[in-house]
Amino acid sequence: MDKITRRQFNERLSKGIAGTALLSSAPLACAMAGPKKREGSLGIALVGLGSYSTYQLAPALQQTKYCHLAGIVTGTRAKEKIWAERYGMPGRNIYNYENFDAIADNNEIDIVYVVLPNSMHAEFSIRAAQAGKHVICEKPMAISVAECEAIIEACRKAGVKLGIGYRLHSEPYTQEVKRFVKEGTFGKTLYVNAEAAYRSAGNPDQWRLNRALSGGGALMNMGVYSIQSAIYATGENPVKVTAQEFSTRPDYFKDTDETITAQFQFPGGATGTVFTSHNTHANSLYASCSGGWFSLKPANTYGPLAGESANGPIQFPHESQQKLQMDDFARHVLYGSVNKAPGEMGKRDMIIIEAIYRSIAEGNRPIPLELGKMGLS
């Protein structure tokens, strides 16, 4: 697969085409005297200042307890000035893609959060590890299983922690679903249906529609959520997958998949269907069990989420998922608590994604999976 250069990426950014599927309308954080620091708090540098960093991660880092915004990495000079003014960011903590490796000498930065287009995840996660920094890599982990393995090995060799940006594992609705399954609240899961989709109607040149940058379409973007939902709603990894692809707007989705459905078989006997698309809206999880049922709708937005079950409503106060996620990872680094989204989880999901694409390419035939308990948390 062709890789886009950092120069080409910066040129695309300057044209305003590095959007994100779940762009929030939340206001920008207020200007500060300097990066927020707390006793025992780890400094995070955001690599890539697109909408997710701007509207979700940076504001969340004003609320976190165990970590704080300490640095930025961007290829856009105008953003350097904006972020420096907004967050009181000192020049010594501002990097670009060329001088990024110098971050190794910055003791104010403990964690690097890679928030770049998918094709750049491996390069900057590996460079961050080699610089001696702990790594959070935004989902999907990479654009191939081989790249996932390279990231894991680089972090292992450098002795740093690795987490994937799976925010939902830190929020209470998802944790409640996982508890249902672990404790058998409604018996054994027999069937699960997971949907994650939105309709893309914006600039056809956006990076998510460019395979060289994204590695794929809806499956690589929203499909990760539906795959994850099916897994934690059963508590198992699938042992077989069959998939189909549909395209109704080939003039718009010229380079990436538009809509994909897949059917899973699980080792305990459960079956599941997942749906993902860049051409319609869908956002739900439903599980039918031997002694009841549970559902989330919405299931994977930035929240607030909502749920129902055979026992009644599922209700929790809303908090920033990104705040919870980054604090969880910081606690893992500081105190050795459970890593809720380790690199093995990101690798597992890429194995499943590659199997789905393979099933489609080979005439929708079933593809066996040998995952064991990989990535289950």
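The values are calculated or read from the model by the stated rules, or taken from the named source; none is laboratory data. The structure presented is a predicted model; accordingly, all values stated were derived computationally and were not measured. All Cβ positions, even for glycine, are placed from backbone atoms using ideal geometry, and neighbour counts span all protein chains on display.
If I ask for residues that are within 26 Å of the chain's Cα centre (by Cα) and not in a loop (DSSP other than H, G, I, E, B), which ones from the stretch 66-77 would you list?
Across the stretch 66-77, the qualifying residues are Cys67, His68, Leu69, Ala70, Gly71, Ile72, Val73.
Conditions tested, residue by residue: (1) among the aromatic types (Phe, Trp, Tyr); (2) over 20 Å from the mean Cα position of the chain (by Cα); (3) over 12 Å from Met326 (Cα atoms).
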| position | (1), (2), (3) |
| --- | --- |
| Ile44 | no, no, no |
| Tyr55 | yes, no, yes |
| Leu61 | no, no, no |
| Thr64 | no, no, no |
| Lys79 | no, yes, yes |
| Trp83 | yes, yes, yes |
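Looking only at the stretch 245-274, which residues are of a type in the set (Val, Ile, Thr) and either surrounded by 17 or more Cβ atoms within 10 Å (Cβ to Cβ) or in a strand (DSSP E or B) (or both)?
Scanning the stretch 245-274 gives Thr256, Thr259, Ile260, Thr261, Thr271, Thr273, Val274.
Kindly provide the set of residues from the stretch 286-309 that are surrounded by fewer than 15 Cβ atoms within 10 Å (Cβ to Cβ) and in contact with a Phe, Trp or Tyr (Cβ under 6 Å, 6 or more places away or on another chain), ordered by number.
Gly291, Gly292
Mind checking which residues of the stretch 329-345 are in contact with a Lys or Arg (Cβ under 7 Å, 6 or more places away or on another chain) and either part of a helix (DSSP H, G or I) or among the acidic types (Asp, Glu) (or both)?
Within the stretch 329-345, His332, Val333 meet the criteria.
Residues that are of a type in the set (Ser, Thr, Tyr) and in the same structural domain as Trp293 (by TED's automatic domain parsing): which helices (runs of 4 or more DSSP H) entirely in the stretch 178-244 hold 1 or more of them?
211-214, 223-234
From the list Lys161, Lys157, Lys133, which residue is basic (Lys, Arg), out of contact with any Phe, Trp or Tyr (no Cβ under 6 Å at 6 or more places or on another chain), free of Cβ contacts under 8 Å to residues at least 40 places away in the same chain and closer than 22 Å to Asn106 by Cα?
After ruling out the rest, the residue left standing is Lys157.
What are the residues in the stretch 310-337 that are surrounded by 15 or more Cβ atoms within 10 Å (Cβ to Cβ) and of a type in the set (Phe, Trp, Tyr), if any?
Result: Phe316, Phe329.
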